[in-house]
Amino acid sequence: MITVVGSINLDIVATGPSLPRPGETVTGARLARFPGGKGANQALAAKRLGAAVQMVGAVGADDMATEALRLLQEGGVDLSQVAHINGETTGAALIAVSADGENQIIVCPGANNAIRPEDTAHLPIEHLMGVLEVPVPALLAAARAATGFVSLNLAPALPVPDELLAEADLISVNETEAAVYGDRLHAHGALVAVSLGSEGAALYRNGQEIARATPPKVHVVDTVGAGDTFTAALTVALLEGRPPQDALAFAVTAGALACTKPGAQPSLPHRRDVEQLASGGQ
Ligand code: RIB
């Protein structure tokens with residue numbers, strides 16, 4: 001069982017011709033709402049790829065909560081450890097997507113910030129996936145409680161203590177985040193996965209590259225959720241005992257598929273789709 005300790009958001013998405021520069025107004029966009037949040041996206045991605053998944057997180061006692069949790073619920077993720085907190089709003093992300101699929105995101109954490117170490121320290125956690133959109137103390141307590149594999153997606157880039165890095169078996173970051181954390185990522189013996197956008201990803205052990213994979217070419221519609229899919233797929237594949245090169249190839253293929261549809265959670269691929277694309281199908 002994988003336990004995800006992470007964020008649950010409702011994504012409010014404006015898809016327009018281009019992303020605004022600071023001070024610029026861009027008009028002509030379409031508005032849509034999708035369930036999102038890096039934690040929730042990774043939970044649903046892992047479930048669709050075949051893992052048993054429990055979500056630990058928090059939403060507000062508001063209408064947005066139902067909308068934010070809908071696809072997790074329909075997808076069979078265990079939500080018994082998701083708190084509904086009176087007086088908090090459900091986390092929200094304001095997302096702008098351009099015609100070529102690039103995005104800008106502002107997150108309003110709301111209830112995600114209410115998760116405390118007491119909420120996670122005593123949970124029976126086997127394998128853990130954690131993201132930095134919830135408070136670090138709660139994540140650290142979960143990582144210490146985990147008896148199995150600990151996968152930390154250090155996104156978005158934030159100050160993290162070495163004691164958290166030391167708990168990780170796998171750390172995943174994108175290139176921007178890798179530059180922020182620097183050599184600290186490699187200091188505690190974890191596998192480190194760096195996603196490189198359309199170039200794919202590389203995997204390091206003790207700072208040495210041990211695998212590199214490029215994704216199949218796809219028509220990019222929206223890259224929101226691609227990093228979450230990559231992290232979840234890599235974690236699932238490594239837990240299945242697949243060798244690093246094989247696991248990384250699976251993860252970049254899953255990440256590429258997540259770019260082919262709008263919205264974070266609607267675009268998360270199912271295992272059969274990843275296997276079909278990996279074997280040369282469309
Ligand atoms: O990684 C994508 C996610 O980041 C979005 O779903 C949004 O909610 C933000 O958390």
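The values are calculated or read from the model by the stated rules, or taken from the named source; none is laboratory data. Here the structure is a predicted model, which is why all the values come from computation and not from measurement. Quick reminder, even Gly has a Cβ in these numbers, built from the backbone with ideal geometry, and neighbours come from all protein chains shown. All accessible areas refer to the heavy atoms of the entire protein, side chains included, with ligands and DNA or RNA removed. Shrake-Rupley method; radii C 1.70, N 1.55, O 1.52, S 1.80 Å.
Here are the numbers for the structure shown:
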quantity: The one condition in (1) open to solvent by less than 20 Å² (accessible area, probe 1.4 Å); (2) within 21 Å of Pro156 (Cβ to Cβ); (3) within 16 Å of the ligand (Cβ to nearest atom) that Leu128 fails to fulfil; calculated: (3)
quantity: Residue selected from segment 205-241 under the condition in contact with a His (Cβ under 7 Å, 6 or more places away or on another chain) and more than 21 Å from His127 (Cα to Cα), by the criterion least open to solvent (accessible area, probe 1.4 Å); calculated: Gly207
quantity: Output for segment 10-52, where each listed residue is in contact with an Asp or Glu (Cβ under 7 Å, 6 or more places away or on another chain) and within 24 Å of Leu277 (Cβ to Cβ); calculated: Phe34, Pro35, Gly36, Lys38, Asn41, Gln42, Ala45
quantity: Any hit, segment 142-153, residues being among the polar types (S, T, N, Q) and surrounded by fewer than 23 Cβ atoms within 10 Å (Cβ to Cβ); calculated: yes
quantity: Count of residues meeting criterion [within 16 Å of Val194 (Cβ to Cβ) and among the hydroxyl-bearing types (Ser, Thr, Tyr)] in segment 224-277; calculated: 3
quantity: Filter result (more than 15 Å from the ligand (Cβ to nearest atom) and of a type in the set (A, V, I, L, M, F, W, C)) within segment 8-60; calculated: Leu19, Val26, Ala29, Leu31, Leu49, Ala51, Ala52, Val53, Val56
quantity: Test result for Arg70, within 24 Å of Gly255 (Cα to Cα) and among the charged types (D, E, K, R); calculated: yes
quantity: Boolean, Asp100 is open to solvent by 80 Å² or more (accessible area, probe 1.4 Å) and either at pLDDT below 95 or part of a helix (DSSP H, G or I) (or both); calculated: yes
quantity: Test: residue in segment 40-55 that is open to solvent by less than 50 Å² (accessible area, probe 1.4 Å), at pLDDT 95 or above and in a loop (DSSP other than H, G, I, E, B); calculated: yes
quantity: Odd one out for Tyr181 among (1) in contact with a Ser or Thr (Cβ under 9 Å, 6 or more places away or on another chain); (2) open to solvent by less than 20 Å² (accessible area, probe 1.4 Å); calculated: (1)
quantity: Cβ-Cβ under 8 Å pairs, at least 6 apart or on other chains, segment 154-171 side within 11 Å of Leu139 (Cβ to Cβ), far side of a type in the set (D, E, K, R); calculated: Leu154/Glu177; Glu167/Arg144
quantity: Scan of segment 253-282 for residues that are away from the ligand (no atom under 16 Å from the Cβ), buried (at least 16 other Cβ atoms within 10 Å of the Cβ) and under 21 Å from Ala211 (Cα atoms), ordered by number; calculated: Thr253, Val274, Leu277, Ala278
quantity: Where a residue in segment 250-262 is in contact (Cβ under 8 Å) with a residue 40 or more places away in the chain and its partner, wherever it lies, is among the acidic types (Asp, Glu) and not in a helix (DSSP H, G or I), with Cβ under 6 Å and at least six apart; calculated: Pro262/Asp222
quantity: Subset of segment 98-153 (residues that are in contact (Cβ under 8 Å) with a residue 60 or more places away in the chain and among the acidic types (Asp, Glu)); calculated: Asp100, Glu102, Asp119, Glu126, Glu133
quantity: Where Leu94 falls short, out of the listed (1) within 12 Å of the ligand (Cβ to nearest atom); (2) crowded, with 19+ Cβ neighbours inside 10 Å; (3) closer than 30 Å to Val218 by Cα; calculated: (2)
quantity: Meets criteria (within 16 Å of the ligand (Cβ to nearest atom), among the hydrophobic types (A, V, I, L, M, F, W, C) and over 24 Å from Gly16 (Cα atoms)) for Leu72; calculated: yes
quantity: Tally, over segment 75-91, of residues that are outside any loop (DSSP other than H, G, I, E, B) and away from the ligand (no atom under 11 Å from the Cβ); calculated: 9
quantity: Matching entry among Ala155, Ala99, Ala114 (being more than 13 Å from the ligand (Cβ to nearest atom) and under 26 Å from Met1 (Cα atoms)); calculated: Ala114
